[in-house]
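Engineer: One structure follows; several queries about it will come next.
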Amino acid sequence: MKTSPSPRSESRITWRAVLLGFSLMPVNAYWIAMVEMVWHGFHFSATSIPMNVIFIVFILALVNAGIHRFFPSYALTQAELLVIYVMMATTTSVIAHDNMVSLMGPLTHAFWFASPENEWKQLIHPHLPRWLVMEHTEMARPFYEGGANFFTDGYLRYWIAPILSWTAIATLIFFLVAFLNVLIRRQWIEHERMPYPIAQLPLDMTAPGMSFFQNRAMWWGFGIAATIEIINGLNFLYPSVPLIPIREPTADLALWLNNEPWDAIGTTYFHLRLFMIGLCFLLPIDLSLSMAFFYWVRKAQFIGGRAAGLYTIPYYPFQPNQAVGAFLAIIAMAIWAGRKHFREILKRVVGMNTPLDDSEEPVRYRSAVIGIVVCLLLLYVISSQAGMSLWVFPLFFGLYMVIAAAVTRIRAELGPPVHNMGGVNPQTILTSVAGVTTFGKGDLTLFSLFSWFNGSNRSHPMPHQLEGFKLAQRTGLNNRRLMVVMLLGIAPSVFIAFLVYLYCLYDFGASIAVDAPGQVLGPGQGVYNQLSGWFQFPREIDIFGTFTIGLGFAFTMLLGLLRLKFIWWPLHPVGYAMGINGGTMDHYWFALILCGTIKFIVFRVGGARLYRRFLPFFLGLILGDVASGCYWSILSVIIETPLYVVWFW
């Protein structure tokens, strides 16, 4: 009699899965390069769930189902599919729209756009490390105008130094947060049992037996989303095809509020983005409504500030500062909740007796701490050579790790669809609390050049890594081997992405983004305009900004205390952190209210049992919207023409 594979063999990390993951990296990089960078179209990596990776695994799962039917011994297991997902998700988070794509612009922008008017040659050029940028303007012309072959026309030798330097920096940062994840993995996954909503869809898609794809409710959701997006995509090509109006630019409350102070409300869309509806349904009801509530508090600050004349205060209403305080409070509460576990980790690291066993961790705790120290030392060597002061380095990267852990905590506990937190970064804190004048020009230059990996926190590697460990825990994958696979993948992925991105930019040019200035020129302008402003008009300590950070911290701690003391308290501290900052919520605040209301009714009527029956439909909405959006984006790459996008236009 033929025996079935053991659970242990079904959960093995195999070479074929790893090799398949590596083989997909250049394809993924080219897809990102054309769609997110050159055309600045479908922002599939700028959400909590990497839509490009979901689509890749979706196609692999369907193909694998056919292989399983006719050649079952060759079919991929769930473990193998999830290894590919984790490899692609973690590497995508680094080379994504908000990270490496944003790095490409600043690499040569300061030299190409220097002029007598902006005085960048005198102000900025002396402080730019030449091994982190490309200074030869004659070699940069096709970078912006296109029409050249990056490999055959001799441009590579001018770029090799910044390519290797930034590959080393990106790899060290990835290793740094991976080792940090080792220290929090058990507390957040096994002790506190965080739900990790973002892990739900890849887990269901790869489940043995294809049960997810046999669910009728899922296909209803998939069909509705895909039909709407296919019809709207045809309307983009042929305007005579009727449009289904789910996210019209005219559905903006700001267009109707033209009088002061109401005109300060800013963009406020009534949009129905279908994948957002699906993701919002996964959220706890209190978080959905808390995020929507504090989103409107944010709008009230705009309107109230205009009415009271508070816009005369620079940087009012300090929403990034409020969010910074909230993030610091969230991680403080998380550390307090896990203080006993972290105390035992400390004992294990220093060699004291402790019952804590770390033999099943991705690496032993002492090795993780050593890894963090080594990464920081190497990053210090690089940063000091680039001009960062000794006393600034631990503050900058210490705050970076705190914010990274806070973003990861939010994803683990609540899984918001997007966590766009522009301004929640070390440079905001340091320049507010200490003032710009406290820092040397080398420090400020690196604050600007390092903004690509901490600018908005939408595409962050640390949450994806921890979600990978959650998937391992659910399916029996070996944590240590998964850690090795993740770490081995990052350097080749970044290096390949650099080559692919530069090839595409030299071929098509950085100036053809559909929504100018795009994600190459835009970050370049932002980085050097800010740096020039710091140099020319350095401000002292920002008293209001510093006070607002403290106020945001205190208010978030108060919300956490109220939730601890009163079970009925409805407002979640993460809702404040997410709702008070970040323009992305303009696009899905309505979905939060809609899904929160639907979920409340579902639980009232039929409880958890009815919710589980509804869940596949909403997962189908996500998958249908992702699949149709990716279809249009792949077609646009094939015909080399921007087409309809699901997210973000």
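The values are calculated or read from the model by the stated rules, or taken from the named source; none is laboratory data. Everything numeric in this text was worked out from a predicted model, so none of it was measured. Note: ideal-geometry Cβ built from the backbone for every residue, glycine included; neighbour counts use all protein chains shown. These accessible areas exclude ligands, DNA and RNA; they are computed on the full protein's heavy atoms, side chains included. Shrake-Rupley method; radii C 1.70, N 1.55, O 1.52, S 1.80 Å.
Engineer: Of the chain, which part is the longest with no trypsin sites (Lys or Arg not before Pro) in a loop (DSSP not H, G, I, E, B) and with at most 13 other C-beta atoms within 10 angstrom? Each step should come with its number before you reach the end.
Structural biologist: Numbers: sites that count: K2, R130, R193.
The reported range is 194-649.
Engineer: Then there is this: Find, among the chymotrypsin sites (Phe, Trp or Tyr not before Pro) in the stretch 255-289, those assigned to loop by DSSP (not H, G, I, E, B) with at most 15 other beta-carbon atoms within 10 angstrom.
Structural biologist: Taking the stretch 255-289 and a limit of 15 other Cβ atoms within 10 Å, the loop chymotrypsin sites (Phe, Trp or Tyr not before Pro) found are W256, F270.
Engineer: Bin by bin, in steps of 10 Å, what percent of the Cα pairs in the stretch 523-649 do you find, going until the bin that has the longest distance?
Structural biologist: Going from the shortest bin to the longest, the percentages are 9, 19, 27, 23, 17, 5, 0.
Engineer: In the stretch 1-105, carbon and sulfur make up what percent of the accessible area (probe 1.4 Å)? Before the final figure, lay out the partial values.
Structural biologist: Working: 2660 of 3910 Å².
So the carbon and sulfur contribution to the accessible surface is 68 percent.
Engineer: Are there DSSP H segments in the chain that both extend 15 Å or more along their axis (alpha-carbon positions) and score a mean Kyte-Doolittle hydropathy of at least 0.0? List them, or say none. Walk me through the numbers before you get to the answer.
Structural biologist: Numbers: long enough: 15-32 (25 Å, 1.04); 51-70 (29 Å, 1.85); 78-95 (25 Å, 1.41); 156-186 (45 Å, 1.46); 216-237 (31 Å, 0.90); 285-308 (34 Å, 0.58); 319-337 (27 Å, 1.24); 339-350 (17 Å, -0.71); 365-386 (31 Å, 1.74); 392-413 (32 Å, 1.37); 461-475 (21 Å, -0.82); 479-508 (42 Å, 1.47); 518-536 (26 Å, -0.28); 543-565 (33 Å, 1.50); 589-639 (50 Å, 1.35).
The qualifying helices are 15-32, 51-70, 78-95, 156-186, 216-237, 285-308, 319-337, 365-386, 392-413, 479-508, 543-565, 589-639.
Engineer: Return the Cα extents of the stretch 372-492 along principal axes one, two and three, sorted largest first, each rounded to a whole Å.
Structural biologist: Taking the Cα atoms of the stretch 372-492, the three principal extents are 52, 30, 21 Å.
Engineer: Quick one: grab the alpha carbon gyration tensor of the stretch 546-585, order the square roots of its eigenvalues as a ≥ b ≥ c, and give me rounded if a/c is under 1.5, else prolate or oblate depending on whether a/b is larger than b/c. All intermediate terms of the calculation are to be shown ahead of the outcome.
Structural biologist: Details: a/c = 4.50, a/b = 1.35, b/c = 3.33.
It comes out oblate by the Cα gyration axes.
Engineer: Here's a follow-up. Grab every C-alpha pair in the stretch 434-539, bin the distances at 10 angstrom width from 0 up to the longest one, and report whole percents.
Structural biologist: 11, 27, 29, 23, 9, 1
Engineer: Next up: What three numbers, in Å, describe the spread of the alpha carbons of the stretch 583-631 along their principal axes, ordered from the longest?
Structural biologist: For the stretch 583-631, the Cα extents along the three principal axes come out at 36, 26, 9 Å.
Engineer: How large is the accessible surface per residue of the stretch 58-212, computed with a 1.4 Å probe and reported in Å² as a whole number?
Structural biologist: Values: 5820 Å² over 155 residues.
Heavy-atom accessible area per residue stands at 38 Å².
Engineer: Sticking with this one: With contacts defined as alpha carbon pairs under 8 Å and 6 or more residues apart, what's the relative contact order of the chain in percent?
Structural biologist: Details: 1016 pairs, mean separation 219.0, N = 649.
About 34 percent, as a whole number.
Engineer: Largest first and in whole Å, what are the equivalent-ellipsoid semi-axes of the stretch 504-550 based on the Cα gyration tensor, each being the root of 5 times an eigenvalue? Provide the component values of the computation, followed by the final result.
Structural biologist: Working: eigenvalues 231, 35, 10 Å².
The answer is 34, 13, 7 Å, longest axis first.
Engineer: A further question follows. Take the solvent-accessible surface of the protein heavy atoms, probe 1.4 Å, and return the percent of it on the stretch 497-564 that carbon and sulfur atoms account for.
Structural biologist: On the way: 2140 of 3090 Å².
Using a 1.4 Å probe with all protein chains present, the stretch 497-564 comes out at 69 percent carbon and sulfur.
Engineer: Using the crude model of +1 on Lys and Arg Cβ and -1 on Asp and Glu Cβ, and no other charge, please compute the dipole size for the chain relative to its Cα centre, in debye to 20. Don't skip to the end; give the middle numbers.
Structural biologist: Values: 41 positive and 34 negative charges, 490 e Å.
Dipole magnitude for the chain comes out near 2360 debye.
Engineer: Which one, P426, G468, L502, is farthest towards the positive end of the dipole of the stretch 410-515 when Lys and Arg carry +1 and Asp and Glu -1 on their Cβ?
Structural biologist: Checked the options; the winner is G468.
Engineer: Could you report the stretch 546-637's accessible area per residue, 1.4 Å probe, as an integer in Å²? Could you put the intermediate results ahead of the total?
Structural biologist: Details: 4040 Å² over 92 residues.
Value returned for the stretch 546-637: 44 Å² of accessible area per residue.
Engineer: I've got another one for you. At a threshold of 8 angstrom on Cα-Cα distance, excluding pairs fewer than six apart, so keeping six or more, what relative contact order does the stretch 285-365 reach in percent?
Structural biologist: Details: 21 pairs, mean separation 10.8, N = 81.
For the stretch 285-365, the relative contact order is 13 percent.
Engineer: Pull out a ≥ b ≥ c, the square roots of the eigenvalues of the alpha-carbon gyration tensor of the chain, then state rounded if a/c is under 1.5, prolate if not and a/b is larger than b/c, and oblate in the remaining case. List each step's numbers first, then the result.
Structural biologist: Working: a/c = 1.18, a/b = 1.16, b/c = 1.01.
It is rounded, given that a/c, with a ≥ b ≥ c, falls under 1.5.
Engineer: What is the Å³ per residue value for the convex hull set by the Cα atoms of the stretch 296-441?
Structural biologist: 157
Engineer: So, R0 is 25 Å and r is the distance between the beta-carbons of R141 and N529; what FRET efficiency does that work out to, to 0.05? Don't skip to the answer; put the middle values down first.
Structural biologist: Working: r = 22 Å, r/R0 = 0.88.
In this case the efficiency is close to 0.70.
Engineer: Shape of the stretch 373-433 from its Cα gyration tensor (a ≥ b ≥ c, root eigenvalues): rounded if a/c is under 1.5, otherwise prolate when a/b > b/c, or oblate? Don't skip to the answer; put the middle values down first.
Structural biologist: Numbers: a/c = 2.98, a/b = 1.81, b/c = 1.65.
Prolate is the answer for the stretch 373-433, as a/c is 1.5 or above and a/b outweighs b/c.
Engineer: With the calculation restricted to Cα positions, what are the radius of gyration and Dmax of the stretch 297-382 in angstrom?
Structural biologist: In Å, with Rg to one decimal and Dmax whole: 21.6, 62.
Engineer: What does the charge dipole of the stretch 1-138 about its Cα centre add up to, to the nearest 20 debye, if the Cβ of each Lys and Arg holds +1 and the Cβ of each Asp and Glu holds -1? Mind dumping the intermediate values first?
Structural biologist: On the way: 7 positive and 8 negative charges, 178 e Å.
Here the size comes out at about 860 debye.
Engineer: Expressed as a whole percentage, what fraction of the accessible surface of the stretch 368-459 belongs to carbon and sulfur atoms when a 1.4 Å probe is rolled over the protein heavy atoms? Numbers along the way, then the final one.
Structural biologist: On the way: 1760 of 2450 Å².
Ligands and nucleic acids excluded, carbon and sulfur give 72 percent.
Engineer: OK, next. Over the stretch 491-538, average the accessible area per residue using a 1.4 Å probe and give it in Å², no decimals. Kindly include the intermediate steps, with their values, before the conclusion.
Structural biologist: Numbers: 1690 Å² over 48 residues.
That works out to 35 Å² per residue.
Engineer: Using the charge dipole of the chain (Lys, Arg: +1 at Cβ; Asp, Glu: -1 at Cβ; taken about the Cα centre), state which of L156, I224, S240 has its Cα farthest towards the positive end.
Structural biologist: The residue sitting most towards the positive pole is I224.
Engineer: Accessible surface of E36 in the full protein assembly, 1.4 angstrom probe, to the nearest 10 Å²?
Structural biologist: Result for E36: roughly 0 Å² accessible.
Engineer: Could you list, by residue number, the cysteines of the chain that have no other cysteine's beta carbon within less than 4.7 Å of their beta carbon?
Structural biologist: C375, C504, C630 - these cysteines have no disulfide-compatible partner (Cβ-Cβ under 4.7 Å) in the chain.
Engineer: Divide by every residue of the chain the summed helix terms, -39500 (n - 2.57) for each DSSP H run of at least 4, and state the resulting mean residue ellipticity at 222 nm, rounded to the nearest 500 deg cm²/dmol.
Structural biologist: Working: 25 runs with 414 residues, N = 649.
About -21500 deg cm²/dmol.
Engineer: Once you keep just the Cα pairs under 8 angstrom separated by 6 or more residues, what percentage relative contact order results for the stretch 332-489? The partial results should precede the final answer.
Structural biologist: Numbers: 102 pairs, mean separation 41.0, N = 158.
Rounded, it is 26 percent for the stretch 332-489.
Engineer: Placing +1 at every Lys and Arg Cβ and -1 at every Asp and Glu Cβ, with all other atoms neutral, what dipole size does the stretch 127-251 have around its Cα centre, in debye to the nearest 20? All intermediate terms of the calculation are to be shown ahead of the outcome.
Structural biologist: Numbers: 8 positive and 9 negative charges, 66 e Å.
That gives the stretch 127-251 a dipole magnitude of about 320 debye.
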